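The block underneath contains the structure these notes are about, expressed in structure tokens.
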Amino acid sequence: MSGYLKYVWRPVTGGRHAFPITATKTPPGEQVEAYCGAKAPAAELHDRSEVDWVREKSCMKCWHHLADNGP
């Protein structure tokens with residue numbers, strides 16, 4: 001199914017951001033950039049708990065970027 005996905009939402013430190021699907025393949029030691037420009041260690045995109053999803057708020061800059069421009 002990931003062949004069809006163009007972006008993913010992930011709760012990283014500082015909020016739930018949207019990332020290009022290619023960010024999920026980035027090696028753990030590198031940085032990834034969300035659609036809003038926020039940067040996070042690639043390792044933070046994996047193994048997030050349900051609590052992480054509940055605690056972090058969705059980034060409205062990412063939301064608007066996707067709504068206005070698409071991935």
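The values are calculated or read from the model by the stated rules, or taken from the named source; none is laboratory data. What you see is a predicted model; the values in this text were computed from it and never measured. Neighbour counts run over all protein chains shown; Cβ positions are idealised from the backbone, glycine included. Note: areas computed on protein heavy atoms with side chains; ligands, DNA, RNA excluded. Shrake-Rupley method; radii C 1.70, N 1.55, O 1.52, S 1.80 Å.
For the range 28-68, residues that are open to solvent by 70 Å² or more (accessible area, probe 1.4 Å), in contact with a helix residue (DSSP H, G or I) (Cβ under 9 Å, 6 or more places away or on another chain), outside any loop (DSSP other than H, G, I, E, B) and closer than 23 Å to Tyr4 by Cβ total 1.
Could you tell me whether Pro71 is in a loop (DSSP other than H, G, I, E, B) and in contact (Cβ under 8 Å) with a residue 60 or more places away in the chain? If you could, list the steps in order and put the result at the bottom.
On the way: in a loop (DSSP other than H, G, I, E, B): yes; in contact (Cβ under 8 Å) with a residue 60 or more places away in the chain: yes.
It is true that Pro71 is in a loop (DSSP other than H, G, I, E, B) and in contact (Cβ under 8 Å) with a residue 60 or more places away in the chain.
Does at least one position in the range 9-27 carry a residue that is of a type in the set (S, T, N, Q) and open to solvent by 70 Å² or more (accessible area, probe 1.4 Å)? Yes, some residue in the range 9-27 is of a type in the set (S, T, N, Q) and open to solvent by 70 Å² or more (accessible area, probe 1.4 Å).
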